[in-house]
1. Please tell me if LEU108 is touching a residue at least 12 places away in the same chain (Cβ under 8 Å) and under 15 Å from GLN15 (Cβ atoms).
2. Filter the helices (runs of 4 or more DSSP H) completely within the range 74-167 down to those with at least 2 residues that are modelled with pLDDT of 95 or more and either under 13 Å from the mean Cα position of the chain (by Cα) or farther than 24 Å from ALA21 by Cβ (or both).
Amino acid sequence: MIQSSSSVEEITPLQLKELLAQDTPPIPLPDDFTGILGPRWGGIFDPILTPRAGSLEGEIGDEKTPSDRWPKTGKIIGKGYVILDVRDTAELSICAFSRFIHIPLSNLPQELDRLAEDQPMVIVCHHGLRSLHAAIFLKSRGFSQVCNLKGGIHAWAIQVDTTMKTY
């Protein structure tokens, strides 16, 4: 990881790709799963679900965000990190990682209880500025293992996952 001038560590998209390559958590699928595997929300390692009625929540068209589809253990990526996306909800429909926790930056002070202070996390936004502010804020509140995705999800889409939509 790269140390930035703001005393918040930064991780590059290629370093995050290496971290994700170490990712082997099971994807929680129902026994009656009839779908195929592939990118759904512009990310990787995500099932495209076509389950029978009532077997899963969070289908396309629901009010829920993509992150609501996964149990907390399903949000863990390589080496125990979680991805915290601090973009606005509307931005998630354009592109997102397949497993993440979504807390818009404006809601972060009120929703700190959703995060564990000792949980390693990569914080993501569009270009890396909001996530840097979030990382600085979290560090000031005792979160010791936070790092910022340098260049945000836009840099990820340009450097790593060129199939991901950009905006």
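The values are calculated or read from the model by the stated rules, or taken from the named source; none is laboratory data. Please read all numbers here as calculations on a predicted model, not as lab measurements. Because the Cβ atoms are built from the backbone with ideal geometry, glycine has one as well, and the counts that use them run over all protein chains shown.
1. Against the criterion (touching a residue at least 12 places away in the same chain (Cβ under 8 Å) and under 15 Å from GLN15 (Cβ atoms)), LEU108 does not qualify.
2. By residue number, 129-140, 152-159.
Yes/no per residue for (1) surrounded by fewer than 22 Cβ atoms within 10 Å (Cβ to Cβ); (2) touching a strand residue (DSSP E or B) at 6+ places or on another chain (Cβ under 8 Å); (3) in contact (Cβ under 8 Å) with a residue 12 or more places away in the chain:
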| residue | (1), (2), (3) |
| --- | --- |
| PHE97 | no, yes, yes |
| LEU115 | yes, yes, yes |
| MET121 | no, yes, yes |
| CYS125 | no, yes, yes |
| GLY142 | yes, no, yes |
| ILE153 | no, yes, yes |
| THR162 | yes, no, no |
| THR166 | yes, no, yes |
